[in-house]
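S.K.: Can you keep this structure in mind? I'll have questions shortly.
What follows is calculated from the coordinates using simple rules that are stated; it is not laboratory data. Bear in mind the structure is a predicted one, so any value in this text is a computation, not a measurement. Please note: Cβ atoms are built from the backbone with ideal geometry, for glycine as well, and neighbour counts cover all protein chains shown.
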Amino acid sequence: MSVPSVAIVILNYNGRNHLETFLPSVLASTYANKRVIVADNASTDDSMDFVRTQYPSVECLYNLTNEGFAGGYNWALNLVEADYYILLNSDVLVTPNWIEPVIALMETNRNIAACQPKLLSYHQPDLFEYAGAAGGWIDSLGYPFSRGRVFDVCEKDEGQYNDPQVVFWASGAAMFVRAKLYHETGGLDGRFFAHQEEIDLCWRMQLAGYTIMSCPGSVVYHVGGGTLPRGGRKVFLNFRNNLLMLGKNLPWSEKIWKLPLRFTLDGISAWKGLFTGDTAFFKAIVKAHWAVVGIWWRGKKEKNKQHPKSMKQLGGVYSGTIVWNYFVKKQTRFQEIIGRKIL
């Protein structure tokens, strides 16, 4: 029986330090039929010279412009043939046999389109990591969270999420995806640039009838960026992309009331930031809202080819809103929020 081919694709932008630290662990992966590819997003440092010199077995791709996470991966993966892609951040330390459990799971069920390992914190290995923890969920209003991470609170890993589970989204920090389905469902939305593009892709894959999974039998350690300051471009991209994603993937019966409510809740969050002195946070949300309105007003063609379905028909969806649970009920753990309350 042939072993499926796996292409580990690391998108790089001025990441010499990360590549020097973490690339050796990727090359030490025990999976036999693998390729390791570094796709450079128009870096200005010496990171690619370092890779070519120190790791000649690594394949290198060169983009002429920085198209962000979404555009960069679309460009790179159009040049790569494999049965499975692994989209891997350059700041991830992998364990030797991290690939085998995920591929084994996906091979047992051809309906699984994408899957992620358990993400733990590189700096605090006993904690789940912000960017996906043990698998991504979403609430009824489109707020993403994870098994092991709600807003900025990351739980301690005590084995509570060690079972493979259907989830809503797989983390882009270490995302396994069937290559054929990646292209058939349109890939990542290049307009997003960065932040939540993997959630949008997983949503579209679910709309196309496929399943997203978490495989905690595979473990990786992620440095991550969840603790970056709230202001500026990061906040802009998160708020803008989340609304664009809802506009693309919700049916009109839900879009007509959820989008106005989300604009209102975002506005409350922005004004709260302003009153507490966080003017950058306020400005970023206002800018994000105007950007979304501008895109919708211009009527740009959406990439989504799938017919929107009610969120009730999808996996990994919480029927309430984590805003209420977290800020009012002071619930910070995935298990106490979810209980049995799913759509």
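S.K.: Take every Cα pair under 8 Å in the chain that's 6+ residues apart, average their separations, divide by the length, and report that relative contact order as a whole percent. Please list the in-between numbers first.
M.R.: Values: 684 pairs, mean separation 63.1, N = 343.
That works out to 18 percent.
S.K.: From the helices alone, meaning DSSP H stretches of at least four residues, give me the mean residue ellipticity at 222 nm for the chain, per-run term -39500 (n - 2.57), in deg cm²/dmol to the nearest 500.
M.R.: Values: 10 runs with 123 residues, N = 343.
Roughly -11000 deg cm²/dmol at 222 nm, from the helical runs in the chain.
S.K.: Also, quick follow-up: Once you order the gyration tensor axes a ≥ b ≥ c over the Cα atoms, which shape class does the stretch 193-281 get: rounded for a/c under 1.5, otherwise prolate or oblate by comparing a/b with b/c?
M.R.: Numbers: a/c = 2.71, a/b = 1.20, b/c = 2.27.
Verdict is oblate for the stretch 193-281.
S.K.: Cβ neighbours within 10 Å, averaged per peptide: list 44-55, 122-133 in order, most packed at the top. Mind showing how you got there, number by number?
M.R.: Values: 44-55: 14.4, 122-133: 20.2.
Descending packing order for the listed peptides: 122-133, 44-55.
S.K.: Can I ask one more? If I take every Cα pair under 8 Å that is 6 or more residues apart in the stretch 233-314, average their sequence separation and divide by the length, what percent do I get for the relative contact order?
M.R.: 45 percent
S.K.: Indicate the gyration tensor shape class of the stretch 6-222 (rounded, prolate or oblate), computed on the Cα atoms with a ≥ b ≥ c the square roots of the eigenvalues: a/c under 1.5 is rounded; otherwise a/b larger than b/c is prolate and the rest oblate. Intermediate results must be reported in sequence, preceding the final value.
M.R.: Numbers: a/c = 1.45, a/b = 1.27, b/c = 1.13.
Judged from the Cα gyration tensor, the stretch 6-222 comes out rounded (a/c under 1.5).
S.K.: Which shape class, rounded, prolate or oblate, goes with the stretch 233-314 when its Cα gyration tensor gives a ≥ b ≥ c as root eigenvalues, a/c under 1.5 marks rounded, and past that a/b bigger than b/c marks prolate?
M.R.: Prolate.
S.K.: Right, here's the next one. With everything on Cα atoms, drop me the angle between helix 99-108 and the longest principal axis of the chain, reported from 0 to 90° to the nearest 10.
M.R.: Tilt relative to the chain: about 70 degrees.
S.K.: Right, something else. So how tilted is helix 197-207 from the main axis of the chain? Cα-based, degrees 0 to 90, rounded to 10.
M.R.: 80 degrees
S.K.: Next question. In whole angstrom, how far apart do the alpha carbon centroids of the stretch 248-291 and the stretch 115-181 sit?
M.R.: 24 Å
S.K.: Provide the packing ranking of 101-107, 218-224, i.e. peptides ordered by the mean count of other C-beta atoms within 10 Å per residue, highest first. Please list the in-between numbers first.
M.R.: Numbers: 101-107: 19.4, 218-224: 22.9.
Per-residue Cβ counts within 10 Å, averaged per peptide and sorted highest first, yield 218-224, 101-107.
S.K.: Also, I was wondering about something else. Taking the highest mean first, how do the peptides 255-266, 194-205 order by number of other beta carbon atoms within 10 angstrom per residue? The partial results should precede the final answer.
M.R.: Details: 255-266: 14.1, 194-205: 25.5.
Going by the mean number of other Cβ atoms within 10 Å, highest first, we get 194-205, 255-266.
S.K.: Helix 252-275 versus the longest principal axis of the chain: what is the Cα-based angle in degrees, 0 to 90, to the nearest 10?
M.R.: 90 degrees
S.K.: Could you tell me what percent of the DSSP beta bridges with both partners in the chain are antiparallel, to the nearest 5?
M.R.: Numbers: 23 of 51 bridges.
Around 45 percent of the beta bridges assigned by DSSP in the chain are antiparallel ones.
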